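The values are calculated or read from the model by the stated rules, or taken from the named source; none is laboratory data. In this text, all values refer to a predicted model and were calculated from it rather than measured experimentally. Ideal geometry is used to build each Cβ from the backbone, glycine not excepted, and the neighbour counts take in all protein chains shown.
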Amino acid sequence: MILCLADVLTAEAVAELLSLTAGGSWTDGTRTAGWAAREVKRNRQLAKGTAAAEAAAIVRAGLEAHQVFRAASLVRRMRDPMFARYEAGEEYGLHVDDALMGSGPDPLRTDLSVTVFLSPPSAYDGGELVLDSPAGEQTIKLDAGSAVLYPSTFLHRVAPVTRGERRVAVTWVQSLVRSVEQRAILFDLDQARRDLFAREGRSPAFDLIAKSYANLLRLWAES
Ligand code: NI
């Protein structure tokens with residue numbers, strides 16, 4: 001499931017992120033790419049430091065507060081958001097994200113990849129996120145403050161930027177529910193129970209859907 005989410009960050013939060021990250025130090029993006037992705041990655045990334053940590057906390061808070069993001073991803077763990085910039089001539093060729101991230105005995109399994117757009121679409125030409133999905137190529141370029149959530153299993157790329165600058169935050173989620181099909185069923189049921197509740201409040205039908213949601217989550221969640 002590919003999901004575009006509006007209003008993950010307010011205009012004020014985006015402005016704060018742009019100013020926070022402007023002062024940081026930007027390094028060659030190949031330093032954080034896997035060995036194969038390194039060959040096709042041409043961008044810059046914000047180096048670790050105070051500005052990056054503060055900016056990451058803002059993005060994380062925006063995602064965690066977004067009801068649809070929570071319902072669709074069922075986050076168990078989220079990687080600290082990273083910040084990338086692409087200027088004219090830069091791109092990220094076709095690649096798949098690493099399956100496991102982080103060192104040590106308990107790496108994060110990437111179930112979902114997230115891109116949060118920080119530049120308005122008018123600020124750059126090209127720079128679309130292109131997802132190689134089972135339904136064909138999906139091309140995504142969203143408003144500043146919006147995000148796209150997609151299965152980390154997809155091959156994907158960032159088209160070359162031909163004008164201006166594209167800034168994004170990217171992160172990865174390990175979900176409580178590993179299966180993309182099970183997550184989709186839970187997401188549908190969750191939206192259905194919320195719709196029903198908004199229309200008629202508690203009812204026998206609402207209780208049954210709520211019970212089914214809770215019991216499927218109990219069956220499928222890894223904790
Ligand atoms: Ni990627």
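How many residues are within 15 Å of the ligand (Cβ to nearest atom), in a strand (DSSP E or B) and closer than 24 Å to THR10 by Cα if we restrict to segment 118-138?
1
Anything in segment 24-49 that is β-branched (Val, Ile, Thr), farther than 23 Å from THR162 by Cβ and more than 18 Å from the chain's Cα centre (by Cα)? List them, or say none. Please lay out each step first, then the result.
Initially, segment 24-49 is screened for residues β-branched (Val, Ile, Thr), giving 27, 30, 32, 40.
Now restrict to residues that are farther than 23 Å from THR162 by Cβ: 27, 32.
Once the filter is applied, which keeps residues that are β-branched (Val, Ile, Thr), farther than 23 Å from THR162 by Cβ and more than 18 Å from the chain's Cα centre (by Cα), segment 24-49 yields only THR27.
Scan segment 51-60 and tell me whether some residue there is under 14 Å from VAL170 (Cβ atoms), β-branched (Val, Ile, Thr) and either within 16 Å of the ligand (Cβ to nearest atom) or crowded, with 22+ Cβ neighbours inside 10 Å (or both).
Yes, some residue in segment 51-60 is under 14 Å from VAL170 (Cβ atoms), β-branched (Val, Ile, Thr) and either within 16 Å of the ligand (Cβ to nearest atom) or crowded, with 22+ Cβ neighbours inside 10 Å (or both).
Do you know which residues across segment 79-99 are surrounded by fewer than 16 Cβ atoms within 10 Å (Cβ to Cβ) and within 14 Å of the ligand (Cβ to nearest atom)?
GLY93, LEU94, ALA99
Since SER175 meets every condition but one in (1) without any contact (Cβ under 8 Å) to a residue 40 or more places away in the chain; (2) within 18 Å of HIS66 (Cα to Cα), which condition does it not meet?
(1)
So is TYR92 among the aromatic types (Phe, Trp, Tyr), modelled with pLDDT of 90 or more and under 15 Å from LEU18 (Cα atoms) or not? Outline the logic, then answer.
Details: among the aromatic types (Phe, Trp, Tyr): yes; modelled with pLDDT of 90 or more: yes; under 15 Å from LEU18 (Cα atoms): no.
So TYR92 does not fit the description; no.
Between a residue in segment 25-40 that is in contact (Cβ under 8 Å) with a residue 24 or more places away in the chain and any residue that is assigned to a helix (DSSP H, G or I) and surrounded by fewer than 14 Cβ atoms within 10 Å (Cβ to Cβ), which pairs come within a Cβ distance under 9 Å, given they are 6 or more apart or on different chains?
Taking only residues 6 or more apart or on different chains, the pairs are ALA33/GLU39.
Scanning for something over 30 Å from LYS211 (Cα atoms), in contact (Cβ under 8 Å) with a residue 60 or more places away in the chain, away from the ligand (no atom under 16 Å from the Cβ) and over 15 Å from the mean Cα position of the chain (by Cα), does segment 105-117 turn up at least one residue?
No.
With over 20 Å from the mean Cα position of the chain (by Cα) and over 30 Å from GLU16 (Cβ atoms) as the only criterion, which of LEU155, LEU176, LEU186, LEU217 stands out? Give the derivation first.
Working: LEU155 fails: over 20 Å from the mean Cα position of the chain (by Cα); LEU176 fails: over 20 Å from the mean Cα position of the chain (by Cα); LEU186 fails: over 20 Å from the mean Cα position of the chain (by Cα).
Of LEU155, LEU176, LEU186, LEU217, the one residue that is over 20 Å from the mean Cα position of the chain (by Cα) and over 30 Å from GLU16 (Cβ atoms) is LEU217.
Regarding segment 167-176, can at least one residue be identified that is surrounded by 20 or more Cβ atoms within 10 Å (Cβ to Cβ), within 15 Å of the ligand (Cβ to nearest atom) and in a loop (DSSP other than H, G, I, E, B)?
no
For (1) of a type outside the set (Lys, Arg); (2) not assigned by TED's automatic domain parsing to the domain that holds ALA88, each residue gets a yes or a no:
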site: SER146; (1), (2): yes, no
site: ARG157; (1), (2): no, no
site: ASP195; (1), (2): yes, yes
site: ARG202; (1), (2): no, yes
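Out of all the residues in segment 204-218, is one or more within 16 Å of the ligand (Cβ to nearest atom) and either over 19 Å from ASP97 (Cβ atoms) or free of Cβ contacts under 8 Å to residues at least 40 places away in the same chain (or both)?
First, pick out the residues of segment 204-218 that are within 16 Å of the ligand (Cβ to nearest atom): none.
No.
Could you say which residue among VAL75, VAL59, VAL68 is within 27 Å of THR162 (Cα to Cα), β-branched (Val, Ile, Thr) and not assigned by TED's automatic domain parsing to the domain that holds ASP188? Write out each step before concluding.
Details: VAL75 fails: within 27 Å of THR162 (Cα to Cα); VAL68 fails: within 27 Å of THR162 (Cα to Cα).
Of the residues listed, the single one that is within 27 Å of THR162 (Cα to Cα), β-branched (Val, Ile, Thr) and not assigned by TED's automatic domain parsing to the domain that holds ASP188 is VAL59.
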